[in-house]
Amino acid sequence: MRTASFANGDRMPLLGLGTWKAAPGEVGAAVREAIRLGYRHIDCASVYANEPEVGAAIRAAIEAGEVRREELWITSKLWCNAHGQANVEPALRRTLADLQLEWLDLYLVHWPVPIRPGVAFPTSAADLLPPESMPLADTWAGMEAVQELGLTRHVGVSNVSSTKLNHLLAHCRHRPEVNQVERHPLLQQPQLLADCAAAGVHITAYSPLGSGDRPAALKGADEPVLLDNPVIGAIAAEHRCSSAQVLIAWQLQSGVSTIPKSVSPERLRDNLAAADLQLTPADLEQIAGLDQHRRQVDGSFWLLEGGPWTLQRLWDEGC
């Protein structure tokens with residue numbers, strides 16, 4: 001398994017298991033099976049509301065002798081209602097309790113969008129805090145503090161543009177080590193990848209298969225189905241593999257970590273096997289031609305009437 005290396009010598013497996021949208025009653029079995037198959041990178045978040053079940057599965061695998069804690073790479077994320085320097089440590093300690101862990105390998109700021117404490121998800125502009133009142137740099141100071149306490153070995157961000165990342169880099173003591181963003185052939189983000197590489201920031205791609213199972217409220221009426229893309233399908237046919245395996249292999253050959261979600265044992269095996277698939281230069285050229293800069297998770301759920309956010313302000317690009 002290819003890995004991303006960090007300055008302290010730690011190595012993050014490029015292929016991991018995502019747990020967003022993995023339902024209660026299913027996610028624990030999926031995590032346990034993934035570990036049995038050889039997955040060592042598990043991506044979590046408090047807002048997914050399934051960390052206790054994920055944690056129970058990890059603990060069971062460790063106690064059964066299937067894996068040692070030191071062999072696992074566990075990521076979680078700070079939700080938006082815990083922005084602010086003083087709020088980071090209590091939020092992380094809750095996540096550690098849910099996951100039954102003493103430390104994380106990576107803790108990310110989930111979105112650069114602060115919301116009122118106690119609000120799970122905003123339903124009106126009053127639930128959104130003005131970004132000026134809760135700058136990302138203030139929250140980042142809390143991230144640095146929990147890293148220094150040993151509660152997480154690495155810290156990073158998610159859904160952060162080059163503009164926001166560069167601003168943060170100018171106001172931090174410990175730089176973000178990972179930026180987790182949406183990435184797939186329809187949204188390839190070459191400039192963001194180049195900017196992160198220049199800053200020494202690894203990229204993790206979420207929704208690598210197009211996230212076709214995400215809630216209907218997050219879908220557009222005319223959106224393409226990435227797994228049905230004819231170019232991807234033709235490449236899969238040539239390699240006698242699935243479209244999902246092509247999409248995963250493309251990320252790994254880009255040096256990008258990726259976290260496809262599945263609760264199916266068969267698909268877990270197939271996704272893991274994609275690490276052995278080698279796409280040709282011609283395949284990569286065809287995939288490069290698919291870029292539409294099309295977000296499947298565009299962040300429009302943060303755009304509430306009278307609120308501070310627009311898509312341009314969120315992504316720092318023309319919309």
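Here is how the numbers come out for the structure above:
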quantity	calculated
Count of residues meeting criterion [of a type in the set (A, V, I, L, M, F, W, C), within 19 Å of G28 (Cβ to Cβ) and either modelled with pLDDT under 95 or buried (at least 18 other Cβ atoms within 10 Å of the Cβ) (or both)] in region 63-94	3
Strands (runs of 3 or more DSSP E) contained entirely in region 6-93, each with at least 3 residues that are over 30 Å from G118 (Cβ atoms)	11-13
Identity of the residue in region 169-186, charged (D, E, K, R) and under 14 Å from A141 (Cβ atoms), that ends up surrounded by the fewest Cβ atoms within 10 Å (Cβ to Cβ)	R173
Conditions (1) in contact (Cβ under 8 Å) with a residue 24 or more places away in the chain; (2) surrounded by fewer than 16 Cβ atoms within 10 Å (Cβ to Cβ): number failed by M134	(2)
Residue tally, condition aliphatic (A, V, I, L, M), under 12 Å from D276 (Cβ atoms) and out of contact with any strand residue (DSSP E or B) (no Cβ under 8 Å at 6 or more places or on another chain), over region 242-256	1
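The values are calculated or read from the model by the stated rules, or taken from the named source; none is laboratory data. Since this is a predicted model, take the numbers as computed values, not measurements. All Cβ positions, glycine included, derive from the backbone under ideal geometry; neighbour counts span all protein chains shown.
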